[in-house]
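The values are calculated or read from the model by the stated rules, or taken from the named source; none is laboratory data. This is a predicted model, so every value here is computed, not measured. Ideal geometry is used to build each Cβ from the backbone, glycine not excepted, and the neighbour counts take in all protein chains shown. Just the protein is used for accessible areas: all its heavy atoms, side chains included, with ligands, DNA and RNA removed. Shrake-Rupley method; radii C 1.70, N 1.55, O 1.52, S 1.80 Å.
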Amino acid sequence: MSRNNLLVITLALGCGKTAAPPPKAEAPAKIHNAQPESALASVTLTEKAEGRLGVKTAPVEKKTIGRGRAISGDVVVPPGKSVSVSAPVAGTVLAVGAGIPRVGTRVRKGQVILKLVALPTAPDLASASIRVDAARTRVGRATQLLKAGAGSQRSVDDAQADLDVAEATVGAARPHAEGKAAERGLALAATQNGILRDVLVGAGQSVAAGALLFQVDDSVAVWVKVAVYAGDLPSIDRGKSIKVRGLSAPAGDPGREAVPVAAPPTGTPDAATTDLYYAIRNDDGLYRPGEKVAVALPLRGTEESLVVPWSAILHDIHGGTWVYEAAGHQYTRRRVEVRFVAGDLAVLARGPSPGTPVVTDGAAEIFGTEFGPGK
């Protein structure tokens, strides 16, 4: 074999060699003892245990539910329901009883908030001073005439009486300097039941006529202002009432109904929102003006959705929602996704198929049995 042929064979064998495969990359995470939700543990109860736990079931249903949207709102005082009280005359502010009530205090109609002792005007003071000087002069003259034998005791007494009247008039013109001024002060009271929103004066302060003293907001007939994105307005059924709940109200709380009212158009152009207003009764004072609340706005149209009684829903420590499917005396926990709550029903985005029985009463007890505390 020639040298050239040997070189060709060597090159051919070298080109036929395959490169070693690269090392396999290590997985970024490893899952140990994975357990799919379809293989969750189930709980089997005896009839006696079911009776003791009060277990009841109801089927999953598919119902036509009005569409809704959760949003926040603000409790506000309706126009004309905030009453301000001003000083009718110039005077000095006096506290009543334990003192002027603090801002935020709930007050009733007719309750005296403070007293105002009128200050005399300059003409009144000048007139009263002139009368006192004249009366003193008459008393001195009558006394001198009596001593000289040219007058009578009656003249002295009449002049003294005129002086007493003049001095009393001056005292009435300066009530703030008297010890019993509060008894003669003008009582200023709340003109409606509500909450004391502002107190702009303090005890002992002198105020001019017309100065604002305090303000009382009606807390019974309040409105809820809801700022809605302008693009969502066409989808909102503005003729229907809404449900209002406190932010700390538990899920499933039906809330309180508020009806739509005609109000001046307001909004926030920078946020592209328009305000909707609803009137809500607040006789018990549950909601306070300025409070943020949760609102369920009704939308136009309806849709079919899976529903279960709200009492069937369980929450785990991570916020997950579950129900217990019932098959005879066996109960299996299944995950569900709650879209919103409508009355006493939980509307599901996903869950068991319609007709599946789920536990409505005793679900929490079964949950405790599955994880230990209820065993």
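The stretch between Lys240 and Val220 holds 5.0 nm of extra length on full extension. This uses 0.36 nm per residue minus the Cα-Cα distance. Over all other residues within a Cβ to Cβ distance under 10 Å of Leu345, the charged ones net out to -1, with Lys and Arg as +1 and Asp and Glu as -1. Size descriptors for segment 293-355: radius of gyration and Dmax over Cα atoms are 13.2, 43 Å.
Put a plus charge on the Cβ of each Lys and Arg, a minus charge on the Cβ of each Asp and Glu, and nothing anywhere else: the dipole of segment 48-99 about its Cα centre is then about 540 debye.
Across the alpha-carbon atoms of segment 237-300, the computed radius of gyration and Dmax are 12.8, 36 angstrom. In straight-distance terms, cross-link reach from Lys292 covers every one of the aspartates and glutamates whose alpha-carbon lies under 14 Å from its own, apart from those fewer than eight places away in the same chain; here that gives Asp74.
Normalising by residue count, segment 59-167 has a Cα convex hull of 227 Å³ per residue.
What accessible area per residue, rounded to a whole number of Å², is obtained for segment 62-161 using a probe radius of 1.4 Å? Present the calculation step by step, with values, prior to reporting the outcome.
On the way: 5960 Å² over 100 residues.
For segment 62-161, the per-residue accessible area is 60 Å².
Cross-link reach is defined here as a Cα-Cα straight distance under 18 Å, omitting same-chain residues fewer than 8 places apart; for Lys147 the aspartates and glutamates meeting it are Asp157, Asp158. Within the accessible surface of segment 286-345, defined with a 1.4 Å probe on protein heavy atoms only, the carbon and sulfur portion equals 50 percent. A Förster distance of 22 Å, applied to the separation of the beta-carbon atoms of Asp74 and Leu212, puts the FRET efficiency at 0.35.
If packing is taken as the mean number of other Cβ atoms within 10 Å per residue, what is the order of 325-334, 99-108, highest first? The partial results should precede the final answer.
Working: 325-334: 16.3, 99-108: 13.9.
Highest-to-lowest ranking by the protection proxy: 325-334, 99-108.
Just to confirm a number: summing +1 for Lys and Arg and -1 for Asp and Glu over residues other than Lys225 whose beta-carbon lies under 13 angstrom from that of Lys225, what do you get? With Lys, Arg at +1 and Asp, Glu at -1, the neighbours total -2. Efficiency by 1/(1 + (r/R0)^6): what FRET value for Val103 and Tyr229, r their Cβ-Cβ distance, R0 = 45 Å, to the nearest 0.05? Computed FRET efficiency for Val103 and Tyr229 comes out at 0.85. When +1 charges are put on Lys and Arg Cβ atoms and -1 charges on Asp and Glu Cβ atoms, the dipole computed for segment 219-375 relative to its Cα centre reaches about 140 debye.
On alpha-carbon atoms, Rg over Rh for segment 182-265 using Kirkwood Rh?
Working: Rg = 20.5 Å, Rh = 17.6 Å.
Radius of gyration relative to Kirkwood radius: 1.16.
Exceeding 31 Å between C-alpha atoms, which entries from my cross-link table qualify? They are Lys56/Lys243; Lys81/Lys240; Lys62/Lys240; Lys63/Lys243; Lys115/Lys225. Beyond 31 Å: Lys115/Lys225.
A simple count of charges around Ile236, restricted to other residues whose Cβ falls under 13 Å of its Cβ and scoring Lys, Arg +1 and Asp, Glu -1, yields +2. With a Förster radius of 51 Å applied to the C-beta separation of Val89 and His315, the computed FRET efficiency comes to 0.25.
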